[in-house]
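Student: First the structure, then my questions, so here it is.
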Amino acid sequence: MILPGHFRALATATVLALAAGCGRAPEKSAASVAQVPALKSADCRACHEDIYKSWSASHHALANRPVEPQADADAFGTPQEFSAHGIDYRLEWKDGRPHFTEKRAGTSAVESYIAEFALGHTPIRQYVVPQDGGRFQAAELTFDPAKKEWFNVFGDERRQRGEWGHWTGRGMNWNSMCAHCHMTAYEKNYDPVADTYATKWREHGIGCVQCHGDLPASHFDPARKSAPPRAPVNLTATDLKRAQETCAPCHARNELLTGRLIPGAPYHDHYRLTLPTEASVFYPDGQMRDEVFNYTGFMTSRMGGKAGVTCLDCHDPHSAKTKLPASNNALCMQCHGPSPRLNAPVIDPLAHSRHAAGSTGNQCVSCHMPTTTYMQRDPRHDHGFTKPDPLLTKELGIPNACNRCHTDKDTDWAITHADQWYGAKLDSRQRARARASAAAQAGAPGASDKLLELIATEDVPAWRATLLLLTRNYAANHPNVLAAARTAAGDADPFVRSAAAQVLAASPDGAAALRPLLNDATRLVRLDAAWPLSGELPPDSPLRRELDAYLAVSADQPSGRLRIGQDLFNRGRPAEAEAQLRKAAAWDPNSPGIHETLGLILNETGKPAEAAASLWRAAQLAPTDPVQSFNAALAFAAARKFPDAELALRETVRRAPTHDRAWYNLGLLLAQTNRPADAITALQRAEQINARAADYPYARATVLWQTGDRAGAQTAAQLALAIDPNHGPSRAFLQQTGR
């Protein structure tokens, strides 16, 4: 029969495998003593007129603002009625405020909303609607100020109310998802018991204080009409790395560890950067796929991750415009021109690009910073500075800049020209990383060896961390992975130490190597070490308080309640864990991961039928994932719901025909339900896929014996012993049957 123990081991590993982060003592900005109360950007204007003028028209200044009759006349000045994606809309300025009215197809109900904020400036402008409980929601209906037209920012996606990502759902909650990067001195102030917000901010948009911090009273003198000789601001052009880590939080896909954006604070003390480990988020070469903004690509590039180039080498921080034009390559030539900087290779754009001067193909950014359009109408440059590689398009489906431009040509045409022009230069580390990453994401058996080979020579820390994270699935059974993680735990870079902690947490033998990281200087690393050991943390210890503070940051999101539930379970509080997981599932009913984790916890708490139902729901929500359906099958079997278990096992082998363990369990189930011929067929299929598993021929031996095939049974048992001479069940079987 199918043993519940198989499931129990899986459940424990899954619950403990997810990493987290937390914080130590709260930082203060460098000038937090004797501050001017509630300093705003307008207070800086008298002494910094030129900077203020440059900033006031920038995307930073206009990142969020109250709706105003004049500023929003292009969107609401004339009443409009139109239909989009099955919804009839009416928009008008009424009673001094902008009103939305919508009627959905198939319903007679008409819903009305009033916009209070404008989110963003160009190329699109979303409107933010107040709701009960102190909530603000970013509406799906969005305005294009260039075309003077409305459109749905989600297109045909997120159509159903109740979805996490629907505009009325938590995925589009402004308080949680938008405001910390669109407001100055923002405080979310979420109440996890009442599930309400008492949000505060100092000013709309990204003002001076958000990047420079509050200044001492000695700096602020309303009577002074010019800037002091040395303005004691927190960030200056002489500290570009520190300045970049102030830009990074809002130009990155990341996880908040503390919920506080502190100017000049070390990035890794407050954020977890999303690295290119997931195929749905990044392409295997590091190019952006989902909406990830810029910082990950920049830190995985040689420019940002190795050479020391920063945001402020290219961008003016106040206007947010580039310092030099990119259209004539002047921006890039400041480093790659005749007088190179930062060890950059000298490049002649005309000879290098093989395209005519002044053409799109002759622009550096066209090939090395290709654009992807997000939110339907927002094109963004990739900041990974990757090489166009059409061969990777053919092998792995990774887009290349050649075919993005030459849409009338096929990939083979691009490969031919790339080989003729650049030859061996394209057979580079970028290509090796992409192939190794893709193999690991696909679960290829030998992928870990190539990853370890690349890690040993990788000199870009963000890539070293990425490749190490991709070894996690091999950590439990590959001693070399564990050894690499132990070495990486002493790396100088927090990216790598964080990755090492997560790999060590995935190994049953990694706990000893984790404990020294509990005292790491960086909050992210400390908490990646503390998470798998959370059950051991004393209740009032600094690390326990840090972890609790981290968990509270995202308690208003289903992912946050998921983590709280996992932590409670690991601390031996299963009933409270279950309650948190059920809340998470209610908030995001379409998340397979939440239903999976809930199912694993229910199984561990002796509720196999409920566990099976939750795991089967996870499998339905992830229709191509064989792990989900296999977990559900094991839970159904533990609940003795054998027809459901068989259904789930057959679904597993349909999704993954080479899933040998599923074939094995299916064979056991068929034997248990008196279908020996079918059982033998399934077990033989398992043996064909994995000839090194002694359990499979042994199981076939027991079925053959029951059918009366004594000789066949003994032959199968002997095969099991040949595979594993120490296989006790086979040895006992042969002794009992006289062989």
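The values are calculated or read from the model by the stated rules, or taken from the named source; none is laboratory data. Remember, predicted model here, so these are calculated numbers, not experimental data. No Cβ is skipped: glycine too gets one built from the backbone with ideal geometry, and neighbour counts run over all protein chains shown.
Student: Restricting to region 328-341, what's the tally of residues that are buried (at least 17 other Cβ atoms within 10 Å of the Cβ) and part of a loop (DSSP other than H, G, I, E, B)?
Tutor: Residues of region 328-341 buried (at least 17 other Cβ atoms within 10 Å of the Cβ): 329, 331-333, 335-336.
When the remaining residues are screened for being part of a loop (DSSP other than H, G, I, E, B), the result is 329.
Looking only at that region, the number is 1.
Student: Let me ask you something else. Has region 580-600 got at least one residue that is more than 24 Å from the chain's Cα centre (by Cα) and free of Cβ contacts under 8 Å to residues at least 60 places away in the same chain? Write out each step before concluding.
Tutor: Filtering region 580-600 down to residues more than 24 Å from the chain's Cα centre (by Cα) leaves none.
No - not one qualifying residue is present in region 580-600.
Student: Any idea which residue in region 447-494 is nearest to Tyr295 (Cα to Cα), counting only those that are in contact (Cβ under 8 Å) with a residue 40 or more places away in the chain and in a loop (DSSP other than H, G, I, E, B)? Break it down stepwise before answering.
Tutor: Taking region 447-494 first, the residues in contact (Cβ under 8 Å) with a residue 40 or more places away in the chain are 459-463, 465-466, 469-470, 472, 476, 494.
Checking the rest, the ones that are also in a loop (DSSP other than H, G, I, E, B) come to 459-460, 470, 476.
Numbers: Asp459: 18, Val460: 14, Leu470: 20, Ala476: 31 Å.
Here the answer is Val460.
Student: Is region 310-322 home to any residue that is free of Cβ contacts under 8 Å to residues at least 24 places away in the same chain and assigned to a helix (DSSP H, G or I)?
Tutor: yes
Student: If the requirement is being within 28 Å of Gln160 (Cβ to Cβ) and in a helix (DSSP H, G or I), which of these qualifies: Gly560, Gly535?
Tutor: Details: Gly535 fails: within 28 Å of Gln160 (Cβ to Cβ).
On inspection, the qualifying residue turns out to be Gly560.
Here's the yes/no breakdown for (1) among the small types (Gly, Ala, Ser); (2) at pLDDT below 95:
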residue: Leu598; (1), (2): no, no
residue: Leu602; (1), (2): no, no
residue: Pro608; (1), (2): no, yes
residue: Ala613; (1), (2): yes, no
residue: Gln620; (1), (2): no, no
residue: Phe630; (1), (2): no, no
residue: Leu634; (1), (2): no, no
residue: Lys641; (1), (2): no, no
residue: Arg655; (1), (2): no, no
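Student: Being buried (at least 18 other Cβ atoms within 10 Å of the Cβ), within 22 Å of Asn173 (Cα to Cα) and modelled with pLDDT under 90 narrows it down to one of Leu257, Leu261, so name that one.
Tutor: Answer to the selection: Leu261.
Student: Collect the residues in region 596-652 that are outside any helix (DSSP H, G or I), under 23 Å from Ala584 (Cα atoms) and among the hydrophobic types (A, V, I, L, M, F, W, C), keeping them in residue-number order.
Tutor: Ala622
Student: Here's another thing I want to ask about it. With (1) crowded, with 19+ Cβ neighbours inside 10 Å; (2) touching a residue at least 24 places away in the same chain (Cβ under 8 Å) as the list, and Ala344 as the residue in question, which single condition is left unmet?
Tutor: (1)
Student: Right, another one. Residue by residue through region 601-613, note down the ones that are acidic (Asp, Glu) and without any contact (Cβ under 8 Å) to a residue 12 or more places away in the chain.
Tutor: Correct list: Glu610 only.
Student: Same structure, new question: Looking at Ala138, Ala118, which one is closer than 25 Å to Leu257 by Cβ, touching a residue at least 24 places away in the same chain (Cβ under 8 Å) and part of a strand (DSSP E or B)?
Tutor: Ala138
Student: Would a scan of region 415-425 turn up a residue that is among the aromatic types (Phe, Trp, Tyr) and at pLDDT 95 or above? Don't jump to the end; show me each part of the working.
Tutor: Of all residues in region 415-425, those among the aromatic types (Phe, Trp, Tyr) come to 421-422.
This time we only want the ones that are at pLDDT 95 or above, so: 421-422.
Yes, region 415-425 contains at least one residue that is among the aromatic types (Phe, Trp, Tyr) and at pLDDT 95 or above.
Student: What's the number of the only condition in (1) in contact (Cβ under 8 Å) with a residue 12 or more places away in the chain; (2) in contact with a strand residue (DSSP E or B) (Cβ under 8 Å, 6 or more places away or on another chain); (3) more than 21 Å from Asp389 (Cβ to Cβ) that Leu261 fails to meet?
Tutor: It is condition (2) that Leu261 fails.
Student: If you don't mind, there's one more thing I want to ask. Of all residues in region 400-414, which are crowded, with 20+ Cβ neighbours inside 10 Å and either in contact with a Phe, Trp or Tyr (Cβ under 7 Å, 6 or more places away or on another chain) or assigned to a helix (DSSP H, G or I) (or both)?
Tutor: The answer is Ala401, Cys402, Ala414.
Student: Now for a different question. Given the structure, is Ala513 surrounded by fewer than 18 Cβ atoms within 10 Å (Cβ to Cβ) and either out of contact with any Lys or Arg (no Cβ under 8 Å at 6 or more places or on another chain) or part of a helix (DSSP H, G or I) (or both)?
Tutor: No.
Student: To continue, here is another question. Conditions first: (1) assigned to a loop (DSSP other than H, G, I, E, B); (2) under 18 Å from Thr702 (Cα atoms); (3) in contact (Cβ under 8 Å) with a residue 12 or more places away in the chain. Thr658 passes all but one, so which condition is the exception?
Tutor: (2)
Student: Taking interchain pairs and intrachain pairs at least six residues apart, which have beta carbon atoms under 6 angstrom, with the first residue in region 149-167 and small (Gly, Ala, Ser) and the second surrounded by 18 or more Cβ atoms within 10 Å (Cβ to Cβ)?
Tutor: Gly165/Arg158; Gly165/Gly171
Student: Here's another thing I want to ask about it. Can you list the helices (runs of 4 or more DSSP H) lying wholly within region 142-238 that have 1 or more residues being surrounded by 21 or more Cβ atoms within 10 Å (Cβ to Cβ) and at pLDDT below 95?
Tutor: 208-212
Student: A further question on this structure: Scan region 557-566 and tell me whether some residue there is more than 30 Å from His478 (Cβ to Cβ) and touching a strand residue (DSSP E or B) at 6+ places or on another chain (Cβ under 9 Å).
Tutor: Checking region 557-566: at least one residue is more than 30 Å from His478 (Cβ to Cβ) and touching a strand residue (DSSP E or B) at 6+ places or on another chain (Cβ under 9 Å).
Student: Would it be correct to say that Leu350 is outside any loop (DSSP other than H, G, I, E, B) and in contact with a Leu (Cβ under 6 Å, 6 or more places away or on another chain)? Outline the logic, then answer.
Tutor: On the way: outside any loop (DSSP other than H, G, I, E, B): yes; in contact with a Leu (Cβ under 6 Å, 6 or more places away or on another chain): no.
Considered against the rule, which asks whether it is outside any loop (DSSP other than H, G, I, E, B) and in contact with a Leu (Cβ under 6 Å, 6 or more places away or on another chain), Leu350 comes out as no.
Student: I would also like to ask the following. Does region 634-657 contain at least one residue that is closer than 27 Å to Ala579 by Cβ, surrounded by fewer than 20 Cβ atoms within 10 Å (Cβ to Cβ) and of a type in the set (A, V, I, L, M, F, W, C)?
Tutor: Yes - at least one qualifying residue is present in region 634-657.
Student: For Arg655, are the conditions met, namely being over 23 Å from Gln706 (Cα atoms) and of a type in the set (Lys, Arg)?
Tutor: yes
Student: I would also like to ask the following. Would you point out which residue out of Gly304, Gly297, Gly361 is in a helix (DSSP H, G or I), in contact with an Asp or Glu (Cβ under 7 Å, 6 or more places away or on another chain), surrounded by 14 or more Cβ atoms within 10 Å (Cβ to Cβ) and modelled with pLDDT of 95 or more? Before the answer, list the steps.
Tutor: Values: Gly304 fails: in contact with an Asp or Glu (Cβ under 7 Å, 6 or more places away or on another chain); Gly361 fails: in contact with an Asp or Glu (Cβ under 7 Å, 6 or more places away or on another chain).
Answer to the check: Gly297.
Student: Name the pairs: first residue in region 678-697 and basic (Lys, Arg), second residue assigned to a helix (DSSP H, G or I), Cβ to Cβ under 7 Å, at least 6 apart or on different chains?
Tutor: Arg685/Trp663; Arg692/Ile723
Student: Give region 277-293 a look and list any residue that's surrounded by 21 or more Cβ atoms within 10 Å (Cβ to Cβ), in contact with a strand residue (DSSP E or B) (Cβ under 8 Å, 6 or more places away or on another chain) and in a loop (DSSP other than H, G, I, E, B), or say none.
Tutor: Result: Val292, single match.
Student: May I ask you to list the residues in region 56-85 that are free of Cβ contacts under 8 Å to residues at least 24 places away in the same chain and more than 27 Å from Thr184 (Cβ to Cβ)?
Tutor: Scanning region 56-85 gives Gly77, Thr78, Pro79, Glu81, Ser83.
Student: Which of the residues that make up region 550-580 are buried (at least 22 other Cβ atoms within 10 Å of the Cβ) and of a type in the set (S, T, N, Q)?
Tutor: Gln566, Gln580
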